[in-house]
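The values are calculated or read from the model by the stated rules, or taken from the named source; none is laboratory data. Fair warning: this is a prediction, and the values are worked out from it, not measured in the lab. Using ideal geometry, Cβ is built from the backbone for each residue, glycine included, and neighbour counts are taken over all protein chains shown. Ligands, DNA and RNA are stripped out before the accessible areas are found, and what is left, the full protein with its side chains, is counted by its heavy atoms. Shrake-Rupley method; radii C 1.70, N 1.55, O 1.52, S 1.80 Å.
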Amino acid sequence: MTRHASLQRAVLVIPAAALLIALGACGSGNSSESAANCPALDAPEYTSAVDQYLHGLDPEPLRFLFYSSGDSALPDAVRSELETKGPTYLFPSDPVGQKKQLENLKAKNDVVTLLLLYTGMDTTKTGSSIGFAGRYLDKEDSGKVSPTKRIRFDCRNHQWQVAPEGGAPPASKSA
């Protein structure tokens with residue numbers, strides 16, 4: 001073999017080896033990356049999280065209430081998504097206003113009503129989670145608590161994706 005032929009092979013082998021090393025370092029795209037590699041959670045993640053939370057609730061809510069301020073106030077993207085699921089109403093923070101709102105809603109029709117509460121967002125080195133809880137406020141289920149859940153997201157290919165099995169198991173605290 002001539003020196004020229006082995007030089008050509010080396011020129012082809014080195015870039016191919018570098019590519020394999022780079023692919024190995026990045027992984028197959030199925031494993032999580034550092035959360036620092038993803039942008040901040042935004043509307044699409046909040047929409048996915050509330051969809052995951054509401055899926056399978058028993059009883060299934062047909063109408064929603066939310067606080068407009070305070071720790072439990074819903075982010076705008078969540079409120080917008082709720083509006084696609086059913087009638088959505090502001091729930092006043094004062095007890096007199098709350099009683100009046102519930103009486104007004106019952107006069108319209110008596111359907112399963114959920115007060116949806118935002119429990120916050122947490123970010124770790126490997127992922128983020130968005131949490132929700134709730135209370136049923138209709139006549140039949142009044143006072144029943146919907147489970148507190150954290151919907152977990154993993155950073156994959158520089159994008160947030162709902163973690164397998166929809167996230168972490170429900171927390172033990174009540175709303």
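What about P15, is it surrounded by fewer than 17 Cβ atoms within 10 Å (Cβ to Cβ), at pLDDT 55 or above and part of a helix (DSSP H, G or I)?
Values: surrounded by fewer than 17 Cβ atoms within 10 Å (Cβ to Cβ): yes; at pLDDT 55 or above: no; part of a helix (DSSP H, G or I): yes.
Here the answer is no, as P15 does not meet what is asked.
If you check T84, T126 for being modelled with pLDDT of 95 or more, open to solvent by 20 Å² or more (accessible area, probe 1.4 Å), among the polar types (S, T, N, Q) and under 18 Å from the mean Cα position of the chain (by Cα), only one passes: T84.
Confirm whether S93 is part of a loop (DSSP other than H, G, I, E, B), open to solvent by 60 Å² or more (accessible area, probe 1.4 Å) and either polar (S, T, N, Q) or in contact (Cβ under 8 Å) with a residue 24 or more places away in the chain (or both). Before you say what the answer is, go through the steps one by one.
On the way: part of a loop (DSSP other than H, G, I, E, B): yes; open to solvent by 60 Å² or more (accessible area, probe 1.4 Å): yes; either polar (S, T, N, Q) or in contact (Cβ under 8 Å) with a residue 24 or more places away in the chain (or both): yes.
Here the answer is yes, as S93 does meet what is asked.
Answer yes or no as to whether D42 is within 23 Å of R156 (Cβ to Cβ), open to solvent by less than 90 Å² (accessible area, probe 1.4 Å) and modelled with pLDDT of 90 or more. Working first, answer last.
Working: within 23 Å of R156 (Cβ to Cβ): yes; open to solvent by less than 90 Å² (accessible area, probe 1.4 Å): no; modelled with pLDDT of 90 or more: yes.
Against the criterion (within 23 Å of R156 (Cβ to Cβ), open to solvent by less than 90 Å² (accessible area, probe 1.4 Å) and modelled with pLDDT of 90 or more), D42 does not qualify.
Looking at region 47-56 only, could you name the residues that are in contact with a strand residue (DSSP E or B) (Cβ under 6 Å, 6 or more places away or on another chain) and open to solvent by 20 Å² or more (accessible area, probe 1.4 Å)?
Keep residues of region 47-56 that are in contact with a strand residue (DSSP E or B) (Cβ under 6 Å, 6 or more places away or on another chain), which gives 48-49, 52-53.
If the condition is that a residue be in contact with a strand residue (DSSP E or B) (Cβ under 6 Å, 6 or more places away or on another chain) and open to solvent by 20 Å² or more (accessible area, probe 1.4 Å), then S48, Q52 are the ones that fit.
Across region 129-154, the number of residues qualifying as surrounded by 19 or more Cβ atoms within 10 Å (Cβ to Cβ) and closer than 15 Å to A49 by Cβ comes to 13. In the set (1) of a type outside the set (S, T, Y); (2) under 30 Å from C38 (Cβ atoms); (3) at pLDDT 90 or above; (4) part of a helix (DSSP H, G or I), the condition left unmet by K100 is number (2). Scanning region 61-79 for residues that are in contact with a strand residue (DSSP E or B) (Cβ under 9 Å, 6 or more places away or on another chain) and surrounded by fewer than 17 Cβ atoms within 10 Å (Cβ to Cβ) turns up L62, S68, D71, A73.
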